[in-house]
Amino acid sequence: MMAYIWWSLPLTLAVFFAARWLAARFKFPLLNPLLISMLVIIPFLMLTGISYEHYFKGSELLNDLLQPAVVALAYPLYEQIHQIRARWKSIITICFVGSVVAMVTGTSVALLMGATPQIAASVIPKSVTTPIAMAVSSSIGGIPAVSAVCVIFVGILGAVFGHTLLNLMRIRTKAARGLAMGTASHALGTARCAELDYQEGAFSSLALVICGIITSLVAPVLFPVILSVVG
């Protein structure tokens, strides 16, 4: 099986750039590069019987680049610092309300559909980036692996449909669009914003950070309240 390792990185890059070309060529929301890459690579691994561990080992370099890529999001944020200083009260209020709504709605729906408290605890941090979501989930009795899946699912939905919904709602302000995407769909939504507009990406990355902090502080207090009211 080790013979398969060497081509996993070229395969990942080839599929992703092909998906980006399709997205740029046809401008269709469902042609999100990340979504298309997953729909191609996951069935391929299943059909060929290649384990994820072997595939990941060959493309581990991409995973190692995630941390500097996230840090790089701070640069456009720095360039918008004058706007952030002028609107900091509104920004914090928006992120707080968005974070609370995301936690309450997701957890309530899960409980109303018959989810156990453990699954509900795994759902509550679905709208923040994966490391924070897994830590929050673990601290309140959830399953970190389930939280990671929820985060990826929510992020893909936001990256695919977020801007379409914002356009339908006639939301044109770049700051508002960026904050909405970062609050609802964390890093994947932020990456999509950065592709489309520099300023949107900056505000989305800001919301990503603030909502992560808010969720980590509020979720342990809010979860028992939701459980007692809905559960």
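Computed on the chain, with alpha-carbon pairs under 8 angstrom and 6+ residues apart, the relative contact order is 19 percent.
Using a Gaussian network model of the chain in which every pair of alpha carbons under 10 angstrom is joined by a spring, one finds that among Gly49, Gly212, Gly178 the greatest mean-square fluctuation is at Gly49.
Pairwise Cα distances in the stretch 24-156 exceed 20 Å in 64 percent of cases. Build a GNM of the chain with springs between Cα atoms under 10 Å apart, and of Ala191, Ala207, Ala115 the one that fluctuates most is Ala115.
Expressed as a fraction of 2.2 N^0.38 Å, the value expected for a compact globular protein of N residues, the C-alpha radius of gyration of the chain is 1.07.
Which of the residue pairs Lys89/Lys126; Lys57/Lys174; Lys89/Lys174 have a Cα-Cα distance greater than 28 Å in the structure shown?
Lys57/Lys174
Each Cα pair under 8 Å and six or more residues apart adds its separation to the average, and for the stretch 2-64 the resulting relative contact order is 48 percent.
Only Cα pairs within less than 10 Å get springs; with that Gaussian network setup on the chain, which residue of Gly182, Gly58, Gly155 has the largest fluctuation? Maximum among the listed residues: Gly58. In order along the stretch 110-118, the Karplus-derived 3J(HN,Hα) couplings, from 6.51 cos²θ - 1.76 cosθ + 1.60 at θ = phi - 60°, round to 4, 5, 5, 8, x, 5, 6, x, 5 Hz, and Gly and Pro are given as x.
Say R0 is 25 Å: what FRET efficiency, to the nearest 0.05, do Gln118 and Tyr52 get from their beta-carbon distance?
The calculated FRET efficiency here is 0.55.
Each peptide in 81-90, 192-201 gets a packing score, the mean of other Cβ atoms within 10 Å over its residues, and the list from highest to lowest is 192-201, 81-90. Note on Asp197 and Tyr75: the model spin-label points, each 7 Å out from Cα along the C-beta direction, lie 2.2 nm apart. The packing ranking of peptides 129-142, 93-106, 22-35, highest mean first, is 129-142, 93-106, 22-35, where packing means the average number of other beta carbon atoms within 10 angstrom of each residue. Protection proxy ranking, highest mean first, for peptides 121-127, 38-44: 121-127, 38-44, where packing is the per-residue count of other beta-carbon atoms within 10 Å, averaged. Its Cα gyration tensor gives the stretch 127-224 an equivalent ellipsoid; the semi-axes, largest first and in whole Å, are 25, 13, 11.
Laboratory data are not the source of any read-out in this text; all were calculated from the coordinates shown. Just so we're clear, the structure is a prediction, and the values are computed from it rather than from any experiment. Cβ atoms come from the backbone with ideal geometry, glycine included; neighbour counts cover every protein chain shown.
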